[in-house]
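The values are calculated or read from the model by the stated rules, or taken from the named source; none is laboratory data. A quick note: this is a predicted structure, and the numbers were derived from the prediction, not measured. Cβ: placed from backbone, ideal geometry, glycine included. Neighbour counts: every protein chain shown. SASA here: full protein model, heavy atoms, side chains in, ligands and nucleic acids out. Shrake-Rupley method; radii C 1.70, N 1.55, O 1.52, S 1.80 Å.
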Amino acid sequence: MNKKIVGIIGGIVVIAAGIALYTSANDKSSDNKTSTTSSSNVSGKVLSLGSTALQPLAEQVAKSFQEKNPNVTITVQGGGSGAGLSQVSDGSAQIGNSDVFAEEKDGIDATKLVDHKVAVVGIAPVVNSDVQITSLTKEQLRNIFTGKVTNWKEVGGNDEKIVVINRATGSGTRAVFEKSILDGQDAVQATEQDSNGTVQKIVKTTPGSISYLAFAYLDSDGIKALDLNKVHPNKQNVEDNSWPIWAYEHMYTKGKPTGATKSFLEYFTTKEVQKNIVPKLGYIGLTDMKVTRDVSGKVTDK
């Protein structure tokens, strides 16, 4: 073999080796990039408290987020919307959970808070399973909660005293219910409870009782949800406002969020949460709503 041919072959070998080394280096670089992208560098502690209507969803999303971000600790607590807004305002919590707009709460400077809507909650009147009623008109429901009707026979049921169970002052669920049903009238003096979970337990064990719960608490023995004007409380009827008792679930921060708080709130808007966790727990995803509602209560088609 002459020297010219040997030289050509040698050159080809060198070029091939160079290409192989370049490709290998790029592959390793790509692998490192993928590894870095898939592993979270987010860390920190987040306290999210307030609305008990939002609590089951916040707890489940927090659990899922922490599985993906093991260096983050998220604590979710109840206490009511009023407590959530107050404590995020004074810096005691990173997130204040609320069923109502901050502008609707006395003593809260909404200009210092940033609203992050994460879902929609439906709220339904519920009765003990012994009550022989399946539907009420809005007027009948209002008359019960203002004390004008005190016996189930007055609205087509059995001769049985009505026991009203209300939510405590400061409850966002109560504010939404009263704004939707009472039309500015005062609620009757009644037993008051501080959470959806406690109300659920009391209605289950109190014959003749009536209250209201977020949809996430309706699936329980011993209680039944009532239709309103023959409209059933379900996801589809909330989406087009056929069911009028609903609200946005707000997660407020004091100023723009950063770090783990920001990442957690961003996770709420992902398809995984909005299309999977949200409906699974009885809430309605923001993108599923066919209407919007502003702080004044005005409903507009999307």
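What to note about this one:
- Scanning the range 88-110 for residues that are outside any loop (DSSP other than H, G, I, E, B) and more than 14 Å from the chain's Cα centre (by Cα) returns V88, S89, A102, E103, E104, A110.
- Contacts under 6 angstrom Cβ, first residue in the range 154-167 being among the polar types (S, T, N, Q), partner assigned to a strand (DSSP E or B) and surrounded by 15 or more Cβ atoms within 10 Å (Cβ to Cβ), 6 or more apart: N166/E192
- Where helices (runs of 4 or more DSSP H) fall wholly inside the range 186-302, the ranges with 3 or more residues that are farther than 30 Å from V72 by Cα and hydrophobic (A, V, I, L, M, F, W, C) are 196-205.
- The C-beta contact set for the range 290-302 (first residue touching a residue at least 24 places away in the same chain (Cβ under 8 Å) and of a type in the set (V, I, T), second residue part of a loop (DSSP other than H, G, I, E, B) and open to solvent by 60 Å² or more (accessible area, probe 1.4 Å), distance under 9 angstrom, 6+ apart or interchain) comprises V291/D240; V291/K302.
- Residues in the range 65-87 that are outside any helix (DSSP H, G or I), closer than 20 Å to K117 by Cα and open to solvent by 10 Å² or more (accessible area, probe 1.4 Å): I74, T75, V76, Q77, G78, G79.
- Unique residue being touching a helix residue (DSSP H, G or I) at 6+ places or on another chain (Cβ under 9 Å), farther than 23 Å from W246 by Cβ and touching a residue at least 40 places away in the same chain (Cβ under 8 Å) when the list is S171, S129: S129
- Hey, V203 without any contact (Cβ under 8 Å) to a residue 60 or more places away in the chain and open to solvent by less than 40 Å² (accessible area, probe 1.4 Å) or not: no
- Flag if T270 is touching a strand residue (DSSP E or B) at 6+ places or on another chain (Cβ under 7 Å) and not charged (D, E, K, R): no
- Scanning the range 210-234 for residues that are among the hydroxyl-bearing types (S, T, Y) and surrounded by fewer than 23 Cβ atoms within 10 Å (Cβ to Cβ) yields a single hit, S220.
- Restricting the range 288-302 to residues that are touching a helix residue (DSSP H, G or I) at 6+ places or on another chain (Cβ under 6 Å) and surrounded by fewer than 16 Cβ atoms within 10 Å (Cβ to Cβ), the residue that is modelled with the highest pLDDT is K290.
- Residues in the range 141-185 that are under 26 Å from the mean Cα position of the chain (by Cα), part of a helix (DSSP H, G or I) and surrounded by fewer than 18 Cβ atoms within 10 Å (Cβ to Cβ): 1 in all.
- For the criterion of being in contact with a His (Cβ under 7 Å, 6 or more places away or on another chain) and open to solvent by 30 Å² or more (accessible area, probe 1.4 Å), K117 passes.
- Lone unmet requirement of (1) in contact with a Phe, Trp or Tyr (Cβ under 7 Å, 6 or more places away or on another chain); (2) open to solvent by 40 Å² or more (accessible area, probe 1.4 Å) for N237: (2)
- Some residue of the range 94-102 being surrounded by fewer than 21 Cβ atoms within 10 Å (Cβ to Cβ) and on the phi < 0 side of the Ramachandran plot: no
- Search result, residues across the range 251-286 that are open to solvent by 10 Å² or more (accessible area, probe 1.4 Å) and β-branched (V, I, T): T258, T261, T269, T270, I277
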